[in-house]
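Have a look at the structure below, then the notes.
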Amino acid sequence: MAASNNSIKKTLTVALALSIVCSVIVSTAAVVLRPTQQMNQELDRKSNILQVAQLYQPGVDVNELFKEKITPRVIDLETGEYSEELDPETYNQFEAAKDPATSRTLSGPHSPGLSRLEEFSTVYLVGDPENPDQIILPIRGQGLWGLMRGFLALEGDGNTIVGLSYYDHSETPGLGGEVDNPRWKAQWDGKKVYDDSPMQPEIRLVKGGADSEYEADALSGASLTSRGVTNMLQFWLSEAGFADYLARFHDNVQGGA
């Protein structure tokens, strides 16, 4: 009986020791690999920004190309003005959206499925920051299965779309997942956001074929994902999102015309 008890005790001791050793190894690996993971995430973000702006070139140094072509700036979403207090290299709008001190609650039919909205957002300018060739906006909202995150690239007039791309989503392959299809993404080039008012976005997805410059083809068999894309575009391009900021570019173009 004593031998049996000793055997059980030894087994439990070995199991506990192995658990502790494995925990230490996993924790250490997580700490050691975190800088590499963060570096890869940053590289992926820059690659996606360059791709939606149609600037990405296979084989080039992404960091160098980004530094050469892109200027990040932080803006106040309420006023549309640039913030000189926040560093675009370190500011994280997704973390800011979680903090009640740096965000506000969203609700109602005009919310793209988000519970909170950050007070400040980072935008990315291509070319001369004072007179950019393109303006790249981060957008996000709910699809069918979860949050969709992407970038929308506009020409310097703040009204003409260059590209739309999602880098993080969980939509169904072959249906909502067709947001990754190059043919579907290609249709956005040249589409318009605003008509008479630079505050009221007209862009939307439609079933049965788009027949105006303010429409894009909906995703076949994915009505909820298509609705999610329309909702987030109309939200982020409205006064609640980037409309006040984009109005300055619209006004500049109108004034120079």
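The values are calculated or read from the model by the stated rules, or taken from the named source; none is laboratory data. In this text the structure is predicted, and so the values were computed from the model without any measurement. All Cβ positions, even for glycine, are placed from backbone atoms using ideal geometry, and neighbour counts span all protein chains on display.
Checked against (1) crowded, with 20+ Cβ neighbours inside 10 Å; (2) modelled with pLDDT under 95; (3) not hydrophobic (A, V, I, L, M, F, W, C), Y124 passes all but condition (2).
For the criterion of being hydrophobic (A, V, I, L, M, F, W, C) and within 11 Å of the chain's Cα centre (by Cα), I139 passes. Scanning the range 164-180 for residues that are over 13 Å from the mean Cα position of the chain (by Cα) and within 22 Å of A53 (Cβ to Cβ) yields E178, V179, D180. Within the range 178-196, residues that are free of Cβ contacts under 8 Å to residues at least 40 places away in the same chain and surrounded by 11 or more Cβ atoms within 10 Å (Cβ to Cβ) have Cβ atoms under 8 Å from residues that are of a type in the set (F, W, Y) and part of a loop (DSSP other than H, G, I, E, B) in these pairs: K191/Y214; K192/Y214; D195/Y214, counting only partners at least 6 apart in sequence or on another chain. Scanning the range 70-126 for residues that are in contact with a Gly (Cβ under 8 Å, 6 or more places away or on another chain) and either farther than 26 Å from E155 by Cβ or of a type in the set (D, E, K, R) (or both) gives G113, L114.
So which strands (runs of 3 or more DSSP E) are wholly in the range 103-151 and hold at least 2 residues that are under 18 Å from A53 (Cβ atoms)? If you could, list the steps in order and put the result at the bottom.
Details: elements: 103-105, 116-118, 120-126, 134-142.
Ranges flagged: 120-126, 134-142.
None of G163, G228, G241 is surrounded by 17 or more Cβ atoms within 10 Å (Cβ to Cβ), in a helix (DSSP H, G or I) and touching a residue at least 24 places away in the same chain (Cβ under 8 Å) except G228. Here I49 meets each of (1) on the phi > 0 side of the Ramachandran plot; (2) within 17 Å of the chain's Cα centre (by Cα) with one exception, condition (1).
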